[in-house]
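Only one structure is covered here, and it is reproduced in the block below.
The values are calculated or read from the model by the stated rules, or taken from the named source; none is laboratory data. Bear in mind that the values here come from a model prediction, so they are computed numbers and not experimental data. All Cβ positions, glycine included, derive from the backbone under ideal geometry; neighbour counts span all protein chains shown. Please note that ligands, DNA and RNA were not included when accessible areas were found on the heavy atoms of the full protein model with its side chains. Shrake-Rupley method; radii C 1.70, N 1.55, O 1.52, S 1.80 Å.
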Amino acid sequence: NITTEDLRQLKSACKEDIPEGESDHIACSRDWFTYLEERSKLAEDNLSYIEHIFEISSWGDELTRIPSAKKYKEMSVSQ
């Protein structure tokens with residue numbers, strides 16, 4: 001359920017790890033996840049990078065206001 005706007009903001013939150021030229025080729029959430037997997041930022045048994053991205057996204061700063069992050073934060077607080 002990652003919207004186009006969510007994806008734009010996720011890529012922005014990862015800008016230190018995804019060079020601008022490569023970011024332009026990430027057109028959907030599947031591309032983003034694949035990119036992260038190929039660079040060992042994401043694995044079935046390692047979600048720490050994704051968790052970090054959603055955590056910084058849920059702070060609500062100007063850089064990253066990802067609606068999905070609020071849902072993630074609510075889920076992690078309730079667990």
(request) Would you please name the residue that is farthest from the chain's Cα centre (by Cα), looking only at residues in region 5-25 that are exposed (fewer than 10 other Cβ atoms within 10 Å of the Cβ) and more than 18 Å from Tyr49 (Cβ to Cβ)? (result) Gly21
(message) Could you go through region 47-57 and let me know if any residue there is in contact with a helix residue (DSSP H, G or I) (Cβ under 7 Å, 6 or more places away or on another chain), modelled with pLDDT under 90, surrounded by 13 or more Cβ atoms within 10 Å (Cβ to Cβ) and over 14 Å from Arg8 (Cα atoms).
(response) yes
(message) So, in region 4-51, exactly how many residues are of a type in the set (Ser, Thr, Tyr) and touching a residue at least 12 places away in the same chain (Cβ under 8 Å)?
(response) 5
(message) Can you tell me which condition Glu62 does not meet? The list is (1) out of contact with any helix residue (DSSP H, G or I) (no Cβ under 9 Å at 6 or more places or on another chain); (2) modelled with pLDDT of 85 or more, and all the others hold.
(response) (2)
(message) Against the definition (open to solvent by 60 Å² or more (accessible area, probe 1.4 Å) and modelled with pLDDT of 90 or more), how does Asp31 come out, yes or no?
(response) no
